[in-house]
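Structure first, then comments.
The values are calculated or read from the model by the stated rules, or taken from the named source; none is laboratory data. Note that the structure is predicted; figures quoted are calculated from it, not measured. So basically every Cβ, Gly included, is an ideal-geometry build from the backbone, and we count neighbours across all protein chains shown. These accessible areas exclude ligands, DNA and RNA; they are computed on the full protein's heavy atoms, side chains included. Shrake-Rupley method; radii C 1.70, N 1.55, O 1.52, S 1.80 Å.
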Amino acid sequence: MAKIKLEYIWLDGYEPTQNLRSKTKVEEHEDFKGTLAEIGNWSFDGSSTRQAEGGSSDCLLVPVAIYPDPTRLNGYLVMTEVMNADGTPHASNGRATIDDDGDFWFGFEQEYFIMDTKTLLPLGFPIGGYPAPQGMYYCSVGGKNTHGRQLVEEHADLCIAAGINFEGINQEVACGQWEFQLFAKGAKQAGDEIWIARYLLDRLTEAYGYYIEYHPKPVKGDWNGSGMHANFSNTTLRTCGSKETYDKICEAFRPVAKEHIAVYGAYNDQRLTGLHETASINDFSYGVSDRGASIRIPIITVEKGWKGWLEDRRPASNGDPYKISARIIKTVNSANV
């Protein structure tokens, strides 16, 4: 019998932005295969996470995905859903709102700032001043313009070792700002993998004296904010071959623009200004290869005869991928194409 470490991970009930929480369960298993079928539910004190009252504080953790933990011997990362004591989804459970049988594919582009715990500033920012203006940081190389690469490379290796479908990294437009990309077939799986990737990134910063800032506009002024662009498709978008169908789906987003913004992340109004490669939060637009639009139609989609995907550029970096994908799926399905 071997002892294994199961890190149960969940989202708390804080508003307007939920936080990751986790705790370790040590179990003895013989020939553990790392599957959900081999592990059970757990519970936690919801009164400490704004998910229950003290007089009836137990909330359930129901495992939904499991990954090898690359940093622990015999360790596994267990993504869970929070349920009420009666087994119904907790009000904070965005995953339970997703209506998808796997037809929808999602690719998320997660932007973030790496912050120094001593200065509380993004890497590369001097105390009491500013680094050189934007221009040379995006996809840069060299110590003058590139800050935090060691952390970013280590995070990429951890995600790949955990079996996450990790697709890339790059330094972003602002100083100390980076991005990673994930792709999954199925909205729930895509959300699971973003949260596990965020967990690995957050935990990794503990060894560096850094922390990750997911606020969509942590540095005011002429600096890019951080988003989590949502690339999505379903069978219709992947196969239709019709500009008219794409237009109809895009137009379905127009009358529910406010409903989307409501679940796309807090403080997004500070980022969606119409500047820095964003559309205004007060407008809705779409266009081919237009990074200043609410929804971008990739040029590759057009070149392939209107067979591909769409990119919603409005979600903020601190958004919940579960809630974002649930809203996108609902709107696409409403187009009735």
| message | How big is the dipole moment of the chain about its Cα centre under a simple scheme where the beta carbon of each Lys and Arg is +1, that of each Asp and Glu is -1, and everything else is neutral? Debye, nearest 20, please. | response | 660 debye
| Highest-fluctuation residue, TYR112, TYR214, TYR130 considered, GNM on the chain with Cα pairs under 10 Å | TYR130
| said: Around TRP105, under 11 Å between beta carbons, what's the net of Lys plus Arg minus Asp minus Glu among the other residues? | reply: 0
| message | Can you tell me which lysines have their Cα less than 22 Å from the Cα of LYS307? Leave out same-chain residues fewer than eight positions away. | response | LYS185, LYS243, LYS248, LYS330
| Just how large is the dipole of region 11-60 about the Cα centre, in debye to the nearest 20, putting +1 at every Lys and Arg Cβ and -1 at every Asp and Glu Cβ? | 220 debye
| remark: Between the modelled labels at ASP247 and VAL26 (7 Å from Cα along Cα→Cβ) the distance in nm is 6.5 nm
| request: For the chain, report the accessible area per residue in Å² (1.4 Å probe, heavy atoms, rounded to an integer). | output: 44 Å²
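Report the Rg/Rh value for region 244-306, based on alpha-carbon coordinates and the Kirkwood definition of Rh.
Reported Rg/Rh, Kirkwood definition of Rh: 1.00.
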| note | Subtracting the Cα-Cα distance of LYS258 and THR71 from 0.36 nm times their residue separation yields 63.2 nm
| field | Net charge, TYR210 excluded, C-beta distance under 13 Å - Lys, Arg +1, Asp, Glu -1 | value | -2
| field | In order through region 163-169: 3J(HN,Hα) via Karplus (6.51 cos²θ - 1.76 cosθ + 1.60), integer Hz, x for Gly, Pro | value | x, 6, 7, 7, 10, x, 9
| request: Mind checking which of TYR208, GLN189, GLN171 is farthest towards the positive end of region 143-243's charge dipole, using Cβ charges of +1 (Lys, Arg) and -1 (Asp, Glu) about the Cα centre? | output: GLN189
| What is the dipole size for region 127-274, taken about its Cα centre, with +1 at each Lys and Arg Cβ and -1 at each Asp and Glu Cβ, in debye to the nearest 20? | 320 debye
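Restricting things to alpha carbons, find the Rg to Rh ratio for the chain using the Kirkwood radius for Rh.
0.97
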| field | Highest average packing first - 239-249, 219-229, Cβ atoms within 10 Å | value | 219-229, 239-249
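Once fully extended, how much extra length lies between GLU277 and GLU15, figured as 0.36 nm per residue of separation less the alpha-carbon to alpha-carbon distance?
Full-extension gain reported as 91.6 nm.
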| query | Given H placed on each backbone N at 1.01 Å, which residues far from HIS229 in sequence or on other chains put an amide H within less than 5 Å of it? | reply | GLU109, GLU111
| remark: Taking Lys and Arg as +1 and Asp and Glu as -1, residues besides THR88 with C-beta under 14 Å from its C-beta add up to -2
| query | Size of region 113-233 along its principal axes in angstrom, Cα-based, largest extent first? | reply | 45, 32, 25
| note | 1/(1 + (r/R0)^6) with r = Cβ-Cβ of LYS144 and ARG238, R0 = 41 Å, i.e. FRET efficiency to nearest 0.05, evaluates to 0.45
| remark: Sorting THR97, LEU151, LEU6 by the position of each Cα along the dipole of region 1-157 (Lys, Arg +1; Asp, Glu -1; all at Cβ), the one nearest the positive end of that ordering is LEU151
| task | Multiply the residue gap between SER43 and ASN336 by 0.36 nm, knock off their C-alpha separation, and tell me the result in nm, one decimal place. | result | 101.4 nm
| field | Most mobile of HIS90, HIS29, HIS276 in a GNM of the chain (Cα contacts under 10 Å) | value | HIS29
| query | So which DSSP H runs in the chain come out at 30 Å plus along the axis (Cα) with average Kyte-Doolittle of at least 0.5? | reply | none
| note | Projecting the Cα atoms of ALA262, GLY124, TYR112 onto the charge dipole of the chain, where Lys and Arg contribute +1 and Asp and Glu -1 at Cβ, the residue farthest towards the positive end is GLY124
| task | For every helix of n ≥ 4 consecutive DSSP H residues, a contribution of -39,500 (n - 2.57) applies; sum these over the chain, divide by its total residues, and give [θ] at 222 nm rounded to the nearest 500 deg cm²/dmol. | result | -6500 deg cm²/dmol
